[in-house]
Amino acid sequence: MKHTLFLSILLATTILNAQVVKQINKDKTDLDFTNEITLSNSLNHLIKKVKSKKIVAIGEDTHGTSEYYKLRFEITKKLITEKGFNTIILENPYGDIEVLVTNIQKENLDSLMTKHLLSIYQTKEMKAFLLWFKEYSATHKDIRFKGCDDSYGQMSQLLINELPDKTSKDLTDLLIDFNNIYTLSKELYFINKNQKMPEGFSDTDYGIKAYSTILGIEKQIETENLQTPKIEEYLFNLKNTFVNYKNLTEGGIQSRDEIMADRITYIANKPKAKVIVWAHNAHISKTIIIDNEIGMMGEILKNEYEDNYYAIGLSTNEGTYSFIENKFINDNRIYNDELLQDAFVFTKTNSWEQLFSEVESDAYYFEFNKYSRIRFKNSMAKYLKLVGYNIESDKDYYLLSPQEMFDAIIFIKETTATIPLFGEAKPKRERLDLVDLRKSPIIPEKWTCGGVSEAFIMRVDSTQAYSGNKSIYIESYDNSLIKRVGTCRKGISVDNYLGKQIKLSGYIKSENITGWAGFWMRVDGKNNKVLSFDNMNDGLFDRSIKGTTDWTKYEIILKVPKKATHITFGVLLADGSGKLWFDDVTIEAVSKDSNEQDLKTVFYDFEN
């Protein structure tokens, strides 16, 4: 009976999922990616919603998804040209964006992008945005484009360029000293000064020296009354870049999210500033989500600006994306990482992406604040994808609630990788087999797959089939987790079967099943009361599948009382590891007294 109980719980969560999907279907706004005009028009409802906000943050669950950049570009363009927004902030080193903007009207854009954008942003999608920014900013001098990440190597020269050609000797000496600290290793710095480096002088000591020199420059500029808004902004960002060296001596440290929030707040607090932030979903989240750090940026902004901060998460379930292999994207100022491409292969069966895919639209937007928090928490969806700029792994799915993270979600069922600025992105070679498997949908439309354990892979397989070219594949790959069940299931109307018998039949192939597997079917009445049930295991006769078997036909026949309200059926893999494929599933009504077909037959072969 334990598996009957599991299926009862599973059916209840399925109903809750269906309620969420039904509500989203009712309230969503569809997005049309046919061309720029149709996309722009389909965003009007969202633009109207956020037009009065101080900060609109637009996220992404990968840094390498083409459709996300097209969305950000269109949203940004509309907010700036129609609603008075005037500042874009990108998750990129602050100093590099300053240099890019300073030179965008006079230097080659491709060259500026390769020198001053992180490798993951060196794409044709980003170039399309920058070409628009270049043209628009030429006649609209109040438009600003900023970075919010740490800067190394260019801030010293930017500061010098803003100061008068002739400054006092005291200030000149400080600037020269800081420029040497900023651009030279500690060893070369002391060699350049003809001094011996103090014994035990560490990188932290060198960073502290940089920070104290910045404070000295700031004080001298104030003494000489040379402050300007831009000089003050440069000094603020320089201090932010080096502040953690000081913090280390005081027993504390600011996270990257905190420092990015400080930079965004500094810019947003300028007179009449209305800001659009381009950053990862993990950073714009309104609540801290990982390691008591990630999400702090969004949480700080939410606490600071309250309802004037609006976070839009961007999400997808399948398709391709670009990535780089460098573990530390901002470890130096040489942005020459190769852009690679892969497909999503680790999508979890009880993920939010899977639930959002059940909505009747290829791309849509909806707001969370319309929905009951309890309803979302009770749904089967638990995991959310946050990939970043590296290749996807099974560790990129987190137990998170998007309703707590975002004000709204833009969801696109299938997306494509960004296009490199030069050439084409190369597929990740050792995962090409997985990429090919993803040419089919993850699971067939209107079917739901899930389980007690996360140690399951479930997808359409184009390499195995009883007939045609496709079947559904279920694998349980962790034998250490014994008490678990994974299933793919479907619910149907009872109308054609009331007062009759219903027969489920189909073909299953198995490989090394250490527990058991089989078809299952259940007929429920009011309040989910079980009226009849069979899973080939629980009952008088154990007909379940074990070990390795070739394609074999199996059947289940149940009575459907006239008071029945639900019929659910599927395939399950339980209590161990192994693989199975199922295909050519048939549901048919038969008379009470015989197995003769009653011409009410539904056939599933998974070919479409």
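Looking at region 527-573, the accessible area is 55 square angstrom per residue; that uses a 1.4 Å probe and ignores ligands, DNA and RNA.
Taking only protein heavy atoms and a 1.4 Å probe, the accessible area of region 30-139 is 48% carbon and sulfur.
Of the residues F236, F606, ranked by 1.4 Å probe accessible area with the largest first, the sequence reads F236, F606.
Of L573, L531, the residue with the largest accessible area leads and the full order is L531, L573 (1.4 Å probe). Cβ distances below 4.7 Å define possible disulfide partners, and in the chain the cysteines left without one are C148.
Please give the net charge around S510, taking every other residue with its beta carbon less than 10 angstrom from that of S510, where Lys and Arg add +1 and Asp and Glu add -1. Result for the local shell: +1. Between the listed residues V243, Q254, T265, the Cα displaced farthest toward the positive end of the dipole of region 225-272, a dipole computed from Cβ unit charges relative to the Cα centre, is found at T265. In the context of the full set of protein chains, region 92-198 has a per residue accessible area of 47 Å² (1.4 Å probe).
If you roll a 1.4 angstrom probe over the protein chains with everything in place, what fraction of the accessible area of region 516-594 belongs to carbon and sulfur, to the nearest %?
51
Taking 18 Å as the straight-line reach from the Cα of K83, the aspartates and glutamates in range (excluding those fewer than 8 positions away in the same chain) are E74, D142, D307. Ordering G515, T552, N527 by the projection of their Cα atoms onto the charge dipole of region 509-556, which places +1 on the Cβ of Lys and Arg and -1 on the Cβ of Asp and Glu, puts N527 at the extreme positive end. Ligands, DNA and RNA are left out, and with a 1.4 angstrom probe the accessible area of region 206-324 is 38 Å² per residue. Divided by 2.2 N^0.38 Å, where N counts the residues, the Cα radius of gyration of region 38-158 comes to 1.06. Our Cα-only numbers for the chain put the radius of gyration and Dmax at 29.3, 106 Å. For region 164-300, the equivalent ellipsoid derived from the Cα gyration tensor has semi-axes of 31, 22, 11 Å, listed largest first. Only protein heavy atoms count here; under a 1.4 Å probe, R543 has an accessible surface of about 90 Å².
Hey, if we sort M197, M405 by accessible area with the 1.4 Å probe, largest down, what's the order?
Largest accessible area first, the list is M197, M405.
In this Cβ point-charge picture (+1 for Lys and Arg, -1 for Asp and Glu), the chain has a dipole of about 1800 debye about its Cα centre. Look at where the Cα atoms of region 59-85 and of region 289-359 average out, and the two centres are 15 Å apart.
Which pairs, out of K141/K239; K49/K286; K53/K246; K490/K563, put more than 25 Å between their alpha-carbon atoms? Write out the running numbers ahead of the final one.
Values: K141/K239 27 Å; K49/K286 18 Å; K53/K246 35 Å; K490/K563 20 Å.
Beyond 25 Å: K141/K239; K53/K246.
Label separation (F346 vs L248): 3.1 nm, computed from points 7 Å beyond Cα along the C-beta direction. Packing, as the average of other Cβ atoms within 10 Å across residues, places the peptides 22-30, 350-358 in the order 350-358, 22-30, highest first.
Over the residues of the chain, the helix contribution to mean residue ellipticity at 222 nm works out to -10500 deg cm²/dmol, using -39500 (n - 2.57) for each DSSP H run of at least 4.
Cβ-Cβ distance of N179 and E424, R₀ of 56 Å, FRET efficiency by 1/(1 + (r/R0)^6): the value works out to about 0.90. Computed extension gain for N292 through K83, at 0.36 nm per residue and net of the alpha carbon distance, reaches 71.7 nm.
The values are calculated or read from the model by the stated rules, or taken from the named source; none is laboratory data. If you're wondering where the values come from, they're calculated on a predicted model, not measured in any experiment. Virtual Cβ from ideal backbone geometry, glycine too; neighbours counted across all protein chains shown. To get the accessible areas, we keep the full protein, side chains included, count just its heavy atoms, and leave off ligands, DNA and RNA. Shrake-Rupley method; radii C 1.70, N 1.55, O 1.52, S 1.80 Å.
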